[in-house]
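Structure first, then comments.
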Amino acid sequence: MKVLSIVGARPQFVKCAPVSRELRRVHEEVLVHTGQHYDYLLSEVFFRDLGIPAPDYHLEIGSGSHGVQTGRMLGAIEEVIGKEEPDIVLVYGDTNSTLAGALAAAKMHVPVAHVEAGLRSFDRRMPEEVNRVLTDHASDLLFCPTETAVANLAAEGITRGVHLTGDVMVDALQENLALAKERATVDLPATGYFLATVHRASNTDDPVALRAIMAAFALLEAPVIFPAHPRTRKKFAEYGIAPAANVSVVEPLPYFDMLAALAGARAVLTDSGGVQKEAYILKVPCVTLRENTEWVETIEDGWNVLVGADADRIVLAAGKANGAHRRHDARFGDGHAAARMAAIISAFEP
Ligand code: UD1
């Protein structure tokens, strides 16, 4: 089959690496990069380190408001689908690139497969939640990372084409962890540290929230390594926020450096979805700077706690974060999700 895969933002590059390799064993893949992420450290470095094939199409859409960005992608992807006439379009996760790909394909009557289907935060103010819900409802094959995701889809009346495959981020992590420890070049304090990432609009675009988070980091009793997304850096400048002496704001980390930094951290403080999961798999306590999460398993098993952007709750949770946690299971799959997806696509009949 001819599979047209659409990626555009950092977490999608990580997810597509194992899937692309499995797909190419049996299918023809055409890879489209929307250009949603264009900085070297958010995009190209992942293709290099993870050995992802060069995109066949680079749409160079770049940044913009949600409507402008998604709209530009929609038109450009439609053109590629028209030219390539794929048998199926594969989209990943919950970004504007995901929605644009799914919508363009559905309108052209091309079947859609969604990697990381069924995730819900039940918070429609998150742009990602809107992207997920709409993408799932436009999809013919829904690859769910967890049983919770399967149940979420069933609650919305979606049962056809739903497959519990496990999470491809587990595939990527298992494949790369040893390599990451060997190849990482990131400088980490030998005496222990917290790792932090903040990029979600609800935290970065609200000066009160971002100030509260940074005030909390200043009170933590260990160095904080903070690889900052470019938008977060811009907001520091805009709001006049200067990080405290114990907080090292560094450039976004390549995948190997990020895995190594995470594996060695006392705890991670983050508003990312993927990092919550990676922390669980690596048995690193996680303090999530949000009021909700799609990855409820990490909370249920005691590895993750939701604290929002509340300085007191952040400091308290970080102080309590230690290795004394309860359950740990293969909640996100066995590391063979990508192979399962390739096989399901092979058997798919529209
Ligand atoms: C996007 C996804 C988010 C995902 C994240 C992963 C949406 C709605 N959000 O958020 O779900 O968790 O990717 O990192 O799709 N910018 C740069 N360089 C870049 C890209 C962006 O400087 O290469 C800056 C620009 O100022 C831009 C801002 O970041 O306006 C936001 O970028 P955008 O593509 O809107 O979403 P992300 O915040 O990266």
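The values are calculated or read from the model by the stated rules, or taken from the named source; none is laboratory data. Since we're looking at a predicted model, the values are computed, not measured. Backbone-built Cβ (ideal geometry, glycine too); neighbour counts: all protein chains shown.
A few comments on the model shown:
- Checking GLU129 against (1) in a helix (DSSP H, G or I); (2) within 14 Å of the ligand (Cβ to nearest atom); (3) under 17 Å from LEU74 (Cα atoms), the condition it does not meet: (3)
- Of the residues GLU129, GLU85, the single one that is at pLDDT 95 or above, out of contact with any helix residue (DSSP H, G or I) (no Cβ under 8 Å at 6 or more places or on another chain) and under 23 Å from GLU300 (Cα atoms) is GLU129.
- Residue ID - nearest to the ligand (Cβ to nearest atom), chosen from residues in the range 42-81 that are within 21 Å of GLU175 (Cα to Cα) and touching a strand residue (DSSP E or B) at 6+ places or on another chain (Cβ under 9 Å): SER43
- Number of the exception - GLY166 against (1) part of a helix (DSSP H, G or I); (2) under 18 Å from the mean Cα position of the chain (by Cα): (1)
- Per the listing ILE158, ILE241, ILE225, the residue uniquely among the aliphatic types (A, V, I, L, M) and in the same structural domain as ALA138 (by TED's automatic domain parsing) is ILE158.
- Restricting the range 82-109 to residues that are buried (at least 19 other Cβ atoms within 10 Å of the Cβ) and away from the ligand (no atom under 16 Å from the Cβ) leaves a set whose member that is nearest to TRP295 (Cα to Cα) is LEU90.
- Per-region count, the range 182-208, residues within 14 Å of the ligand (Cβ to nearest atom), among the basic types (Lys, Arg) and under 17 Å from ASP257 (Cα atoms): 0
- Helices (runs of 4 or more DSSP H) enclosed by the range 182-262 - at least 1 residues per element that are in contact (Cβ under 8 Å) with a residue 40 or more places away in the chain and over 28 Å from GLY62 (Cα atoms): 207-218
- Residue identified as in the same structural domain as GLU85 (by TED's automatic domain parsing), in a strand (DSSP E or B) and more than 20 Å from ARG72 (Cα to Cα) among GLU22, GLU29: GLU29
- Taking the range 137-157 as the range and being in contact (Cβ under 8 Å) with a residue 40 or more places away in the chain and surrounded by fewer than 19 Cβ atoms within 10 Å (Cβ to Cβ) as the test, the residues that pass are ASP140, THR148.
- Filter pass, GLN12 being within 11 Å of the ligand (Cβ to nearest atom), closer than 26 Å to HIS66 by Cβ and part of a helix (DSSP H, G or I): yes
- Count - residues of the range 111-125 that are buried (at least 19 other Cβ atoms within 10 Å of the Cβ) and either in contact (Cβ under 8 Å) with a residue 60 or more places away in the chain or not in a strand (DSSP E or B) (or both): 9
- Candidate set from the range 31-41 (those that are surrounded by 21 or more Cβ atoms within 10 Å (Cβ to Cβ) and of a type in the set (A, V, I, L, M, F, W, C)); member that is farthest from the ligand (Cβ to nearest atom): LEU31
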